[in-house]
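A.B. asks: Got a structure for you, questions after.
The values are calculated or read from the model by the stated rules, or taken from the named source; none is laboratory data. The model shown is predicted, which means the values in this text are computed figures rather than measured ones. Methodologically, a virtual Cβ is constructed for each residue, glycine included, from the backbone with ideal geometry; neighbour enumeration extends over all protein chains shown. The area values use the complete protein model at the heavy-atom level, side chains included, leaving out ligands, DNA and RNA. Shrake-Rupley method; radii C 1.70, N 1.55, O 1.52, S 1.80 Å.
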Amino acid sequence: MLKDSVHLHISPENKLVHSPIFFRAGTERGKAALNTLLEKGEVLFIHDEIYGQLQELIKSQNPSIRIKADDYPALITKHLNGKAIDDYGVWVYYPWSRRLVHLLDEDEFIEVRTNRNQYKITRAERSTLSTKKIGIVGLSVGQSIALTLSMERGFGELRLADFDLLELSNLNRIRTGLYNMGVPKVVIAAREIAEIDPFLKVTCFFDGLTEANMDNFFTGNGKLDLLVDECDGLDIKIISRYKARELKIPVVMDTSDRGMLDVERFDLEPQRPILHGAVENVNPQTIKELTNEEKIPIILQMLGIENISLRAKASMVEVEQSINTWPQLASSVTLGGAVGADVCRRILLDQFHGSGRYYIDLDELIPEPQPQVRPGYNYNNPFKPLTAGEMRGMVNGMVFKSSPDTIIPDNETIKKLVNAACAAPSTGNDQPWKWLYKDGTLHLFHDEFRSYSFGDFQKIASYISFGAAYENLYINALQLGIEPVLQLFPGNSTQKPVASISFKKLSSNGDAIALKPLNEAIFKRNTNRNPAPKTVIPSATLDQLTRFAESIPGAKLRWFTNEDELNILTKIIGACDRTRLLNPAGHYDFVHREMRWTGADADDTKDGIDVRTLGLSNSQLAALNVIKDANVVGTIKDLGGGGAFDTLAKRTIANASALCMITLPEYNLENFFEGGRAMERFWLAATNLGIAVHPLISPFYLFPRVTHSNGEGLDTKSMAELKNLRKEFVALTEIGDNRAEVFLTKIAIAPRPAIKTHRLPTENVLFIE
């Protein structure tokens with residue numbers, strides 16, 4: 001406590017005091033009580049402006065007469081009719097501020113205070129409103145509506161419900177003083193109403209609106225005429241509407257975003273679906289304990305994602321990341337108070353009968369004359385789909401390996417082999433391959449139309465996919481007694497032929513026997529993102545996976561299992577995921593090339609990633625739907641946000657049994673091809689062992705942009721962050737920049753996905769001469 005200061009102790013009971021005390025000095029009892037109050041020293045401030053109020057009263061009673069200042073003393077004396085002015089009217093004491101105010105008594109006070117309402121609100125309408133009961137739940141926007149209704153004298157009784165105490169962070173939107181911190185919001189509102197008009201009836205529900213007090217709130221001392229819902233509790237928001245519908249009470253709600261006001265006329269439409277049918281499938285009993293982040297999908301469902309402002313969408317993605325909860329501004333709350341109070345008044349006066357959602361969007365009503373338009377990402381694929389004729393033209397005149405024991409498999413065998421090859425994984429399931437079988441040789445081509453993307457830097461991703469596809473073909477062929485002979489062509493920026501494959505009879509059963517188990521997993525293998533508890537996988541199992549991966553010459557697999565290593569990798573992967581999604585090209589790839597946002601889209605295209613396979617919670621899926629909008633992502637980036645993407649990696653890795661990395665000796669396309677083979681052997685072996693594989697490869701797609709180019713496609717800030725992340729990665733893994741970094745993945749024990757990603761029909765990618 002500061003020296004020489006006066007510390008006023010306020011007991012918990014006093015914090016709840018919100019009703020003023022009236023003293024009518026015109027009676028002996030009233031005067032005695034007033035004198036006792038003054039003698040006890042309870043009053044710190046006396047405000048006596050009764051003379052000015054009498055002047056206003058006389059003026060309001062004689063609107064057509066121009067009264068001169070000199071006329072008022074006589075007119076006031078006449079009005080007092082022999083009563084002393086100190087005894088006239090009522091003295092009102094406010095215990096919380098220890099102020100004593102001299103006022104006109106109720107009828108005259110109301111007449112003067114509402115004089116400037118006429119004739120926007122007539123005396124008859126004022127009288128009607130004085131009989132109405134309004135309940136307000138939640139006192140942020142609710143406080144603004146309550147105070148506006150009070151200033152207009154738009155009710156007879158106001159029931160206020162809020163369990164919260166005022167905190168410093170509330171003062172960005174709640175109009176009150178710092179001295180009220182720690183005081184219940186409901187008390188603050190009731191006190192301010194009493195200081196505006198002590199004759200208004202306010203009933204406080206200090207526990208907020210609960211299932212226990214709901215009947216009393218809605219029907220105690222008479223049924224409510226209107227409910228204003230501004231509460232944060234989604235369960236109460238829904239339950240209270242069921243109650244309002246049951247009792248045929250209209251509901252008004254302001255959202256503090258785009259000036260949206262929601263009106264539900266249950267009084268006129270008692271069968272109306274609550275919240276316009278947006279939450280008919282939501283059970284309020286299951287949402288009580290949700291975090292703010294987990295509430296987001298329900299809020300989006302209630303409000304409609306298409307109706308939310310750009311900044312609000314961006315903020316929702318940042319909830320419980322860089323901000324605690326969704327934002328509200330004083331300007332929006334003040335606007336909500338005005339609009340909400342206006343509509344409440346018109347409903348109660350039978351002047352408005354609509355249900356629906358209404359917008360007073362100031363950005364639209366008062367737009368920037370020359371708005372800054374965020375430049376959109378211009379995706380311009382320079383390639384066209386590769387045709388059979390183009391492939392035939394490329395192989396004509398080329399020289400291919402041959403040997404005396406070369407055989408020519410029949411067309412059906414080739415179809416089976418290519419079908420197995422096409423079951424391989426590819427980035428975003430883009431399936432960048434096409435095949436031509438001609439003169440006994442199977443040719444693999446790069447269809448760059450399918451792979452052209454931010455993710456396929458220097459063809460790395462595609463060549464890993466080609467290696468995996470060839471490995472499937474190789475394993476499958478061995479089981480048919482056929483041995484593929486690979487001729488891999490050096491890669492360059494313009495070359496589309498990847499490899500040619502001839503065939504001979506199997507000369508040794510070594511690989512066929514060793515790899516036979518993998519053949520059974522080719523069509524079972526999938527990406528498994530399903531969440532599951534963390535499980536320790538025996539070291540013998542990890543060694544078995546290592547042997548399969550390293551059976552490709554030059555391949556090395558490294559495991560990461562201790563918490564320190566996993567924490568470092570979590571940070572790196574999360575930051576890379578964020579960098580990719582906040583990059584305009586990376587975001588375009590994700591939204592428009594990779595993701596299939598409905599099952600119907602996935603079934604139709606037979607490529608991409610079905611959103612249902614992501615293993616995400618409803619809140620995470622809701623966030624994904626929000627960030628589909630490039631403007632939202634651009635806004636998040638402008639605000640320095642995106643922490644949700646980092647957090648998603650953290651959640652993904654939290655239940656990992658281990659992470660592992662596959663590399664090959666040199667950074668070139670041949671090594672990435674061979675790395676794809678090693679990756680596929682690892683993945684097929686894991687499938688047979690019931691181990692879930694979830695690739696986390698964004699670092700391997702982004703790091704080459706800083707190690708093997710000058711940050712191509714990256715902004716300065718992203719490039720600087722990636723360079724720092726790269727240093728941490730090198731320090732952890734002790735690898736140099738010239739290795740082929742092929743595969744980074746999480747493994748875990750998790751239930752198999754119910755849905756697998758599709759593959760293009762074989763006849764769409766295989767052409768047989």
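A.B. asks: How many residues does the range 39-55 contain that are over 54 Å from the mean Cα position of the chain (by Cα) and either surrounded by 15 or more Cβ atoms within 10 Å (Cβ to Cβ) or closer than 21 Å to D107 by Cα (or both)?
C.D. replies: Our first condition is that a residue be over 54 Å from the mean Cα position of the chain (by Cα); within the range 39-55, this holds for 39-41, 50-52, 54-55.
If we keep only those that are either surrounded by 15 or more Cβ atoms within 10 Å (Cβ to Cβ) or closer than 21 Å to D107 by Cα (or both) too, we end up with 50-52, 54-55.
Residues meeting the conditions: 5.
A.B. asks: What is the residue count in the range 417-436 for residues that are within 25 Å of D610 (Cα to Cα) and assigned to a helix (DSSP H, G or I)?
C.D. replies: 7
A.B. asks: Any idea how many residues of the range 90-118 are within 26 Å of H79 (Cα to Cα) and open to solvent by 40 Å² or more (accessible area, probe 1.4 Å)?
C.D. replies: Final tally of qualifying residues: 8.
A.B. asks: Let me ask another. Look through the range 545-564, keep the residues that are within 13 Å of I747 (Cβ to Cβ) and polar (S, T, N, Q), and return whichever of them is least open to solvent (accessible area, probe 1.4 Å).
C.D. replies: Per the stated criteria, the residue is T546.
A.B. asks: Another question, then. So which residues in the range 396-429 are β-branched (V, I, T), open to solvent by 50 Å² or more (accessible area, probe 1.4 Å) and out of contact with any Phe, Trp or Tyr (no Cβ under 8 Å at 6 or more places or on another chain)?
C.D. replies: V399
A.B. asks: When the residues of the range 308-340 are filtered to those that are hydroxyl-bearing (S, T, Y) and at pLDDT 80 or above, which remaining residue is farthest from L639 (Cα to Cα)?
C.D. replies: T334
A.B. asks: Kindly list the number of the only condition in (1) over 30 Å from P538 (Cα atoms); (2) assigned to a helix (DSSP H, G or I); (3) not hydroxyl-bearing (S, T, Y) that fails for I573.
C.D. replies: It is condition (1) that I573 fails.
A.B. asks: Follow-up. Based on what the data block shows, is G354 over 30 Å from A499 (Cβ atoms) and either open to solvent by less than 50 Å² (accessible area, probe 1.4 Å) or among the β-branched types (V, I, T) (or both)?
C.D. replies: Yes: the conditions hold for G354.
A.B. asks: Within the range 625-644, which residues are open to solvent by less than 20 Å² (accessible area, probe 1.4 Å) and either modelled with pLDDT of 90 or more or part of a helix (DSSP H, G or I) (or both)?
C.D. replies: At the first step, the residues of the range 625-644 found to be open to solvent by less than 20 Å² (accessible area, probe 1.4 Å) are 626-627, 632-636, 641-642.
The answer is V626, V632, V633, G634, T635, I636.
A.B. asks: Looking only at the range 52-69, decide whether some residue is basic (K, R), assigned to a helix (DSSP H, G or I) and either without any contact (Cβ under 8 Å) to a residue 40 or more places away in the chain or within 17 Å of P20 (Cβ to Cβ) (or both).
C.D. replies: Yes: the range 52-69 contains one or more residues that are basic (K, R), assigned to a helix (DSSP H, G or I) and either without any contact (Cβ under 8 Å) to a residue 40 or more places away in the chain or within 17 Å of P20 (Cβ to Cβ) (or both).
A.B. asks: Show me the helices (runs of 4 or more DSSP H) entirely contained within the range 654-769 in which 1 or more residues are within 27 Å of F523 (Cβ to Cβ) and open to solvent by less than 10 Å² (accessible area, probe 1.4 Å).
C.D. replies: Counting at least 1 such residues, we get 669-688, 698-707, 762-765.
A.B. asks: Something else now. Restricted to the range 240-257, and to residues that are assigned to a loop (DSSP other than H, G, I, E, B), open to solvent by less than 30 Å² (accessible area, probe 1.4 Å) and not hydrophobic (A, V, I, L, M, F, W, C), which residue is farthest from L348 (Cα to Cα)?
C.D. replies: S256
A.B. asks: Show the residue pairs meeting these rules: Cβ distance below 6 Å; 6+ apart or different chains; first residue within the range 415-439 and on the phi < 0 side of the Ramachandran plot; second residue charged (D, E, K, R) and open to solvent by less than 10 Å² (accessible area, probe 1.4 Å).
C.D. replies: So the pair list comes out as P432/D447; K434/D447.
A.B. asks: If you go through the range 307-336 one residue at a time, how many are assigned to a helix (DSSP H, G or I) and either open to solvent by 50 Å² or more (accessible area, probe 1.4 Å) or out of contact with any Gly (no Cβ under 9 Å at 6 or more places or on another chain) (or both)?
C.D. replies: Adding up the residues that qualify gives 10.
A.B. asks: Residue under question is K524, and the condition is that it be open to solvent by 20 Å² or more (accessible area, probe 1.4 Å), at pLDDT below 95 and either outside any helix (DSSP H, G or I) or more than 25 Å from S451 (Cβ to Cβ) (or both); does it hold?
C.D. replies: no
A.B. asks: If only one of V498, V485 is touching a Leu at 6+ places or on another chain (Cβ under 6 Å), in contact (Cβ under 8 Å) with a residue 24 or more places away in the chain and either surrounded by 16 or more Cβ atoms within 10 Å (Cβ to Cβ) or closer than 17 Å to M391 by Cα (or both), which one is it?
C.D. replies: On the way: V485 fails: touching a Leu at 6+ places or on another chain (Cβ under 6 Å).
Just one listed residue meets the conditions, V498.
A.B. asks: Sticking with this one: I'd like to check something: does the range 185-194 contain any residue that is in a loop (DSSP other than H, G, I, E, B) and either modelled with pLDDT of 95 or more or under 23 Å from W91 (Cα atoms) (or both)?
C.D. replies: No, the range 185-194 contains no residue that is in a loop (DSSP other than H, G, I, E, B) and either modelled with pLDDT of 95 or more or under 23 Å from W91 (Cα atoms) (or both).
A.B. asks: Counting only residues that are part of a helix (DSSP H, G or I) and open to solvent by less than 20 Å² (accessible area, probe 1.4 Å), which one in the range 163-184 is farthest from M214 (Cα to Cα)?
C.D. replies: Among those residues, the one meeting the criterion is N180.
A.B. asks: Ok, one more. List the residue pairs whose Cβ atoms are under 9 Å apart, where the first residue sits in the range 77-101 and is over 21 Å from A32 (Cβ atoms) and part of a loop (DSSP other than H, G, I, E, B), the second is of a type in the set (V, I, T) and open to solvent by 20 Å² or more (accessible area, probe 1.4 Å), and the two are 6 or more positions apart or on different chains.
C.D. replies: What qualifies is W96/I10; W96/V17.
A.B. asks: Next question. Could we say that D232 is open to solvent by 10 Å² or more (accessible area, probe 1.4 Å), among the charged types (D, E, K, R), assigned to a loop (DSSP other than H, G, I, E, B) and in contact with a Phe, Trp or Tyr (Cβ under 7 Å, 6 or more places away or on another chain) here?
C.D. replies: No.
A.B. asks: Right, here's the next one. Read through the list (1) open to solvent by 50 Å² or more (accessible area, probe 1.4 Å); (2) part of a strand (DSSP E or B), then give the number of the only condition that A124 fails.
C.D. replies: Going through the list (1) open to solvent by 50 Å² or more (accessible area, probe 1.4 Å); (2) part of a strand (DSSP E or B), A124 breaks only (2).
A.B. asks: Of the numbered conditions (1) crowded, with 18+ Cβ neighbours inside 10 Å; (2) free of Cβ contacts under 8 Å to residues at least 60 places away in the same chain; (3) not small (G, A, S), D604 fails exactly one; give the number of that condition.
C.D. replies: (1)
A.B. asks: Turning to a different aspect of this structure: Would you be able to say whether some residue in the range 473-489 is modelled with pLDDT of 95 or more and among the aromatic types (F, W, Y)?
C.D. replies: yes
A.B. asks: I'm told T148 meets every condition in (1) β-branched (V, I, T); (2) open to solvent by 20 Å² or more (accessible area, probe 1.4 Å); (3) over 57 Å from the mean Cα position of the chain (by Cα) except one. Can you identify the failing condition by its number?
C.D. replies: Exception for T148: condition (3).
A.B. asks: Given E728, E763, E741, E734, which one is acidic (D, E) and over 28 Å from I568 (Cα atoms)? I'd like the intermediate steps shown before the answer.
C.D. replies: Values: E728 fails: over 28 Å from I568 (Cα atoms); E741 fails: over 28 Å from I568 (Cα atoms); E734 fails: over 28 Å from I568 (Cα atoms).
Of E728, E763, E741, E734, the one residue that is acidic (D, E) and over 28 Å from I568 (Cα atoms) is E763.
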